[in-house]
Amino acid sequence: MTEEATKVWLPDLVYVDGTFRSNLEVVTNSEGQISSIQNASKGPWIRLKNKAILPGLVNAHSHAFQRVIRGRTEYRSEASTDSFWTWRELMYQAANRLTPDDIYAASRMAFLEMALTGITAVGEFHYIHNAQDGKPYDDPNLLAKQVIRAANDVGIRIALLRVAYERAGFQKESNPLQNRFIESTDNYLKNLDTLIHDVKKESDLSWVGAAPHSVRAVSLNYLKEVSAFATERNIPVHMHVAEQPAEVSACIEEYKRSPVALLDTEGILNDHFTAVHAIHVTSKAVEALALKGVNVCACPTTERNLGDGVVPVDEYFRAGVPVSLGTDSQTQIDLFEDARELEYHLRLQRKSETSSHQLMNTKRRHCLVVCFSAPH
Ligand SMILES: [Zn+2]
């Protein structure tokens, strides 16, 4: 790589300390890294007119391989019965076709698109572990490592959130299309432990977290073991929570509690926990999440694409719950558009532009602050 000279950039605005400021110059060193941000000197600068410089964005929830089904699940059938669950069957079919090389290529494509929209760190919720016959590869972390390599090659940081998947659901027949995801508790914890060790050794741009898929896909005992392991190793836990009404009703049927109530009463919630989606929640659940310091991740494009519902971000912000954003199914990779969608969804839902707008003035600042913090 050729060495660059020190450069001084002067955009109209620079985002520092939680706000946009003008008359600041950004100095980059010979390796192209920012060495200082300071009051504008007399130049010479590279002038960036009509431009703002922002810190890199964090994409807190991604399934990189789902990039391959973009545009292939969006049609209206004659029967109009398409739903989250029919989308999921199509996604499973794609997941079952991909070879390790395909996983690398699809992930690299998704991560490249992320880099082009200003994303510099991704929380990758990775759940394809096994070979196409459902058996583990010689290295059970082969596919996780393919995804990490893709992020490293593109140059974005990655938190590989290794997914625990046990079953089709409460009182549900096993689904052969989930065979590439499923591992026993012992195997999952062993493979997670090995991955933490291997990643720490190889790259300081990558780290590992635990991701019990959902209360549907992981039984309570399994979930408790994963949670205890994560606490002991001080790693983050991400989990799909209350994305679909059917998931909430199945949880109530199995445990007589909603997903958030279950996680709360079983001691799973803490400030290392991120609840992805958390759409179908009561005010009491919002309070419980706030009390335990839980983070919520909204994925507005996917949530509208799959008809999941709207994350009640106004309620979360009122309660002091931090909210991050994720591109999730990669239908669109643009976190600024996701932030805008979230605001528009709430305007539609609350039917009140003014009050919603006032709320969002506060929310925007929260949103931005959260986006710019690295996943822990
Ligand atoms: Zn997801």
For region 281-312, what are the residues that are closer than 19 Å to residue 351 by Cα and modelled with pLDDT of 95 or more?
300, 311, 312
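Can you tell me which residue in region 157-193 is farthest from residue 214 (Cα to Cα), limited to those that are acidic (Asp, Glu) and in a loop (DSSP other than H, G, I, E, B)?
Residues of region 157-193 acidic (Asp, Glu): 166, 173, 183, 186, 193.
This time we only want the ones that are in a loop (DSSP other than H, G, I, E, B), so: 166, 173, 183.
Values: 166: 10, 173: 17, 183: 14 Å.
That would be 173.
For residue 272, indicate whether it is away from the ligand (no atom under 13 Å from the Cβ) and under 19 Å from residue 212 (Cα atoms). Can you show your working first?
Numbers: away from the ligand (no atom under 13 Å from the Cβ): yes; under 19 Å from residue 212 (Cα atoms): yes.
Answer is yes for this residue.
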Residue, nearest to the ligand (Cβ to nearest atom), within region 296-344, restricted to residues that are aromatic (Phe, Trp, Tyr) and more than 24 Å from residue 107 (Cβ to Cβ):
316
For region 104-139, give me the residue count where each residue is part of a loop (DSSP other than H, G, I, E, B), of a type in the set (A, V, I, L, M) and away from the ligand (no atom under 16 Å from the Cβ).
1
Among (1) assigned to a loop (DSSP other than H, G, I, E, B); (2) at pLDDT 85 or above, where does residue 72 come up short?
(2)
Counting just the residues of region 240-251 that are touching a helix residue (DSSP H, G or I) at 6+ places or on another chain (Cβ under 9 Å) and at pLDDT 95 or above, which one comes out surrounded by the most Cβ atoms within 10 Å (Cβ to Cβ)?
241
Test residue 258 against the criterion of being under 19 Å from residue 309 (Cβ atoms), away from the ligand (no atom under 16 Å from the Cβ), in contact with a Cys (Cβ under 8 Å, 6 or more places away or on another chain) and not acidic (Asp, Glu), and give yes or no.
yes
Going by the structure shown, is residue 294 in contact with a Lys or Arg (Cβ under 7 Å, 6 or more places away or on another chain), crowded, with 20+ Cβ neighbours inside 10 Å and more than 21 Å from residue 166 (Cβ to Cβ)?
no
Cβ-Cβ under 6 Å pairs, at least 6 apart or on other chains, region 286-314 side more than 18 Å from residue 328 (Cβ to Cβ), far side away from the ligand (no atom under 13 Å from the Cβ) and not hydrophobic (A, V, I, L, M, F, W, C):
286/315; 288/264; 290/320; 292/270; 293/271
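When the residues of region 23-48 are filtered to those that are assigned to a loop (DSSP other than H, G, I, E, B) and free of Cβ contacts under 8 Å to residues at least 12 places away in the same chain, which remaining residue is surrounded by the most Cβ atoms within 10 Å (Cβ to Cβ)? Spell out the reasoning first.
Step one: filter region 23-48 for residues assigned to a loop (DSSP other than H, G, I, E, B), giving 23, 29-33, 40-45.
Checking which are free of Cβ contacts under 8 Å to residues at least 12 places away in the same chain leaves us with 33, 42.
On the way: 33: 9, 42: 5.
Here the answer is 33.
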Restricting attention to region 4-22, report how many residues are outside any loop (DSSP other than H, G, I, E, B) and under 32 Å from the mean Cα position of the chain (by Cα).
10
Any residue that is under 16 Å from the mean Cα position of the chain (by Cα), β-branched (Val, Ile, Thr) and outside any loop (DSSP other than H, G, I, E, B) - is there at least one of those in region 330-343?
no
In region 114-168, which residues are modelled with pLDDT of 95 or more, surrounded by fewer than 19 Cβ atoms within 10 Å (Cβ to Cβ) and acidic (Asp, Glu)?
138, 139, 153
Kindly list, by first and then second residue, each pair from a residue in region 49-65 that is at positive phi to a residue that is charged (D, E, K, R) and more than 16 Å from the ligand (Cβ to nearest atom), limited to pairs with Cβ atoms under 7 Å and residues at least 6 apart or on different chains.
50/12
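The values are calculated or read from the model by the stated rules, or taken from the named source; none is laboratory data. Fair warning: this is a prediction, and the values are worked out from it, not measured in the lab. A quick note on method: Cβ atoms are made from the backbone with ideal geometry, for glycine too, and the neighbour counts reach across all protein chains shown.
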